[in-house]
Amino acid sequence: MENMIINHVAVFVCAIFNMALGALWYSPALFYKAWKAENNLSDEQLKQANPLKMHGISFLLSYMMAYNMAAFLGDAETDWQWGLTAGFLTGFGWAAAIFTIIALFEQKSWRYIFINGFYIIIYFTAIGFILGIWR
């Protein structure tokens, strides 16, 4: 694809953005208590987690998702509007949809689905926008 444009700095920023959005979304200021309750997790259980493993793997997967989206949006004609649209459709139409299907079979609550599903939609919409505008 000779017209493929990938801004590698923008991809890195998108991976960092996922970590920052997650830190805010799942913070006490927003959905921490509700998310913790929906997952039946205690503070003690959360303290036992390996933060290097959790955040390291999360960052690598965020980086991979951002590169995937960058390749999808790599056409020279891509602009912020297509990036925003493609990001939303990816988040809502694919990622949040399969997440919801899995959560329904796991008998998770709608509250759980909405907390995590909207995070997914917002994340993909935002990185689509970033990758679309930052050519």
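Values in this text are rule-based calculations from the coordinates and carry no lab data. Remember, predicted model here, so these are calculated numbers, not experimental data. Neighbour counts run over all protein chains shown; Cβ positions are idealised from the backbone, glycine included.
Counting only C-alpha contacts under 8 Å and six or more residues apart, can you give the relative contact order of region 8-133 as a whole percent? Walk me through the numbers before you get to the answer.
Numbers: 125 pairs, mean separation 46.5, N = 126.
After rounding, I find 37 percent.
Span-like helix check, the chain: qualifying full DSSP H segments, with Cα axial length of 18 Å or more and mean Kyte-Doolittle of 0.0 or more, are 8-25, 51-72, 110-133. Its Cα gyration tensor gives region 52-95 an equivalent ellipsoid. The semi-axes, each the square root of 5 times an eigenvalue, are 24, 12, 7 Å from largest down. Take each peptide in 19-27, 99-107, count the other Cβ atoms within 10 Å of every residue, and average; sorted highest first, the result is 19-27, 99-107. A convex hull fitted to the Cα coordinates of the chain yields 111 cubic angstrom per residue.
Can you check what the net charge comes to around F31, using other residues whose Cβ is under 11 Å from the Cβ of F31 (Lys, Arg +1; Asp, Glu -1)? Display every interim value, and only then the final one.
Details: positive: K33, K36, R111; negative: E38.
Here the charged neighbours net out to +2.
Toward the positive end of the charge dipole of the chain, about the Cα centre and with charges on Cβ (Lys, Arg +1; Asp, Glu -1), which of Y112, L46, F88 goes farthest? Positive-most Cα among the choices belongs to L46.
Scaled against the 2.2 N^0.38 Å expected of a compact globular protein of N residues, the Cα radius of gyration of region 10-74 reads 1.31.
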